[in-house]
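Participant: Before I ask anything, here is the structure I am working with.
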Amino acid sequence: SHPPLCPPGIKCGGVLSAPSGNFSSPNFPRPYPYETECTWLIVVAEGSSVLLSFTHFELEYHAACAYDYLQVYNGAARDRGNLLGTFCGRSPPPPFSSAWHVMAVIFRSDRHVAKRGFAAAYRKDACGGQLTGLSGEITSPRYPESYPNDAECRWSIGGTGSGGPLTLVFADFQVEGGQGCGFDYVALFDGPTASAPGLGRYCGSTRPPRTISSTPYLLVLFKSDFNIGGRGFKAHFYSAGECQEVFTTIKGNFSSPQYPNFYPNNLKCQWSIQLPPGYRVKVFFLDMELEGRSSLTGGCDYDHLSAFDGGAENGSLLGQWCGRENPSPVTSHSNQLLLVLHTDRNTAKRGFSIAYVGVVPMNVSCTRTDFHIQIPVQSLAQLERNRIYLGTPSCAAQVVGRNFKIHTRFDTCGTESQKRNNTSIIVSTLYIDFSAGDQEDIHQYEVQCEPKRKEASVTLIASPDPSRLSQAKNLVDAQQREGGATDTREIKSQDTSDIVFISICILAGLLMVIAVVGLVLL
């Protein structure tokens, strides 16, 4: 006999707020109804976690669990960044500890094939537990109230399957101090147990430093003695090896953790670009989709990406973005630029992909008839002079003292006259060839002069990595099919260097097509 459709009176889902309890699929142990969706929200005291285990599990099997399935989430939101796992078939899910005091369980059945379902038990885990999510939060018992005496808590973090190192960051820390931290303390270990190498032992009111494990596991041990307590601590962890990086190469690219899949929640990631003195950093945003703006304030209050001039967050803010934005390129004023991604505990999105190029320090001036270009040799110390040329390789730089110099008349070296905004200007392209081995890497700068005023300027028109650009373009095209075309005001706001580069690409493509057609006709 077929199981019935879920009758209106059947109990399914709900909020479970007792310190411990049991729940099961509708009709258990008989077959569950078709076309049913149930959500159980388990809420225990703040500072505790939820320990969830399954005593029976039998759902319709599918390789991707696309028919009947059970999902377990850290936190209350149905959010892919908080998903601990999706399960079906006869293999029960492993025991789970939530990363904070709320856990959600969702069961869904389709209109065919019903099995016996599942039975689960949960209990409030006063402190400690096995944490398997990609990211989460841990707090001392009763935080932010004073923690109890004689507590011992062990949080074993890891086993996510990502295989990457774990990062632990303390947001707040106040534990009884003392010489050698012999009374109350937090100890960190580079593995799943206390027999692993120690990563530090901390007490007092100074926040421990950011800690990165060398294995996919991290153990946090908290102990308090028989008297004198404190507020305790709050820390968050994430498994995202690509979340803290320093770049020193002249150009590069990077993306949010797990891009183009959804990034984890509860992150603070930093990418620091540090180039030689004199350089500036130009950042190109290839793709961006973060959680949107707050409907209350209109600001980027939830997940956001910020760019700072210099190497620290106290540098001047160059920009802050969220949602589906298409930012114009950003250029630093110094040789360092810091990008910081903040994500909160729910609503994850695809993230972002970025390319950057170092803007070579140079001095460009002009007269009514000539260009003068100077670049410090130390900025391009590894390059031969013939790798730096204006228009054509025959117009290569000379080494004069400590500078590469190009001094050339307007009627040579590929210069041409153009009209922009009803003003006559002279334009040429400066090439700097960083290629190594088979890897072609030629940076291009548009050099222009207004002879009447004897005013010169230079703009980087080097492109980001073409393969990443096309990957991002495909994603953006799909996004625009979903959400409509980009606002024309955003396109107009892009700087002219990118428009020049795109125009050159289109022109080159047209010339190639004309040449092929000509050959066919011949």
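The values are calculated or read from the model by the stated rules, or taken from the named source; none is laboratory data. Since the model is a prediction, treat every value here as computed from it, not as a measurement. Note that we place each Cβ from the backbone using ideal geometry, even for glycine, and neighbour counts take in every protein chain shown. Heads up: the accessible areas ignore ligands, DNA and RNA and are worked out on the full protein's heavy atoms, side chains in. Shrake-Rupley method; radii C 1.70, N 1.55, O 1.52, S 1.80 Å.
Participant: Could you look at region 183-222 and say what percent of its accessible area is carbon and sulfur, using a 1.4 Å probe and all protein chains?
Facilitator: Values: 1060 of 1840 Å².
Carbon-and-sulfur percentage of accessible area, whole number: 58.
Participant: Could I ask something else about it? Cα gyration tensor of region 155-301, axes a ≥ b ≥ c as square roots of the eigenvalues: rounded (a/c below 1.5), prolate (a/b > b/c) or oblate? Intermediate values should be presented prior to the final figure.
Facilitator: Numbers: a/c = 1.97, a/b = 1.78, b/c = 1.11.
Prolate, because a/c is 1.5 or more and a/b exceeds b/c.
Participant: Counting only protein heavy atoms and using a 1.4 Å probe, what share of the accessible area of region 13-125 belongs to carbon plus sulfur, as a whole percent?
Facilitator: Accessible surface attributable to carbon and sulfur in region 13-125 totals 50 percent.
Participant: Next question, about the same structure. Cα convex hull of region 79-231: mean projected area in nm², to one decimal?
Facilitator: Working: hull surface 43.3 nm².
Averaged projected area of region 79-231's Cα convex hull equals 10.8 nm².
Participant: With the other protein chains left in place, how much accessible area per residue, in square angstrom, belongs to region 364-476 at a 1.4 angstrom probe? Can you show the working numbers first?
Facilitator: Values: 6450 Å² over 113 residues.
Heavy-atom SASA per residue in region 364-476 reads 57 Å².
Participant: Still on this structure, please answer the following. Taking the Cα-to-Cβ direction at HIS372 and at TYR67 and moving 7 Å from each Cα, how far apart do the two end points lie in nm?
Facilitator: Roughly 8.0 nm, to one decimal.
Participant: Next question. Which value, in Å², gives the accessible area per residue of region 159-220 when a 1.4 Å probe is used on the protein heavy atoms? Could the numbers behind the result be given before it?
Facilitator: Numbers: 2800 Å² over 62 residues.
Ligands and nucleic acids excluded, the result is 45 Å² per residue.
Participant: Further, regarding this structure: Name the shape class, rounded, prolate or oblate, that the alpha-carbon gyration tensor gives for region 13-125, where a ≥ b ≥ c are the square roots of its eigenvalues, rounded holds for a/c under 1.5, and otherwise prolate holds if a/b is larger than b/c and oblate otherwise.
Facilitator: Values: a/c = 1.97, a/b = 1.63, b/c = 1.21.
Judged from the Cα gyration tensor, region 13-125 comes out prolate (a/c at least 1.5, a/b above b/c).
Participant: Which loop-located trypsin sites (Lys or Arg not before Pro) does region 43-122 contain, where loop means any DSSP state but H, G, I, E or B and the Cβ has at most 16 other Cβ atoms within 10 Å? List each step's numbers first, then the result.
Facilitator: Details: sites: ARG78, ARG80, ARG90, ARG108, ARG111, LYS115, ARG116; in loops: ARG78, ARG90, ARG111, LYS115, ARG116.
Passing sites in region 43-122 are ARG78, ARG90, ARG111.
Participant: What is the distance, in nm, between label points placed 7 Å from the Cα along the Cα-to-Cβ direction at ILE442 and at HIS112?
Facilitator: 5.8 nm
Participant: Heavy-atom accessible area per residue, region 8-113, 1.4 Å probe: how many Å²? Walk me through the intermediate numbers first.
Facilitator: On the way: 4810 Å² over 106 residues.
In whole numbers, region 8-113 has 45 Å² accessible per residue.
Participant: Could you work out what % of the accessible surface of region 331-392 is carbon and sulfur, using a 1.4 angstrom probe and leaving DNA, RNA and ligands out of the count?
Facilitator: After summing per-atom areas, the C and S share lands at 42 percent.
Participant: Taking a ≥ b ≥ c as the square roots of the eigenvalues of the Cα gyration tensor of region 364-476, is the shape rounded (a/c under 1.5), prolate (a/b larger than b/c) or oblate? Before the final figure, lay out each step's value.
Facilitator: Values: a/c = 2.40, a/b = 1.23, b/c = 1.96.
Oblate shape, in that a/c is at least 1.5 and b/c is the bigger or equal ratio.
Participant: Test of the criteria: in region 42-84, which GluC sites (Glu not before Pro) are in a DSSP loop and have at most 14 other Cβ atoms within 10 angstrom of their Cβ?
Facilitator: Hits after loop and neighbour filter: GLU46.
Participant: Here's a follow-up. Of the listed peptides 261-268, 145-152, what is their order by residue-averaged count of other C-beta atoms within 10 Å, with the highest listed first?
Facilitator: Details: 261-268: 23.0, 145-152: 14.8.
Result, highest mean first: 261-268, 145-152.
Participant: Continuing with the same structure: Do any of LYS282/LYS454; LYS251/LYS282; LYS419/LYS454; LYS268/LYS349; LYS234/LYS268 go past 18 Å between their Cα atoms, and which?
Facilitator: Values: LYS282/LYS454 27 Å; LYS251/LYS282 9 Å; LYS419/LYS454 16 Å; LYS268/LYS349 15 Å; LYS234/LYS268 15 Å.
Beyond 18 Å between Cα atoms: LYS282/LYS454.
Participant: Return the inverse of the average 1/r over all pairs of distinct C-alpha atoms in region 228-328, which is the Kirkwood hydrodynamic radius, in Å to one decimal. Don't skip to the end; give the middle numbers.
Facilitator: On the way: mean 1/r = 0.0632 Å⁻¹.
Evaluated on region 228-328, it is 15.8 Å.
Participant: Just grab the label-to-label distance for ASP172 and ARG30, each label 7 Å out from Cα along the Cβ direction, in nm (one decimal).
Facilitator: According to this spin-label approximation, the distance is 5.0 nm.
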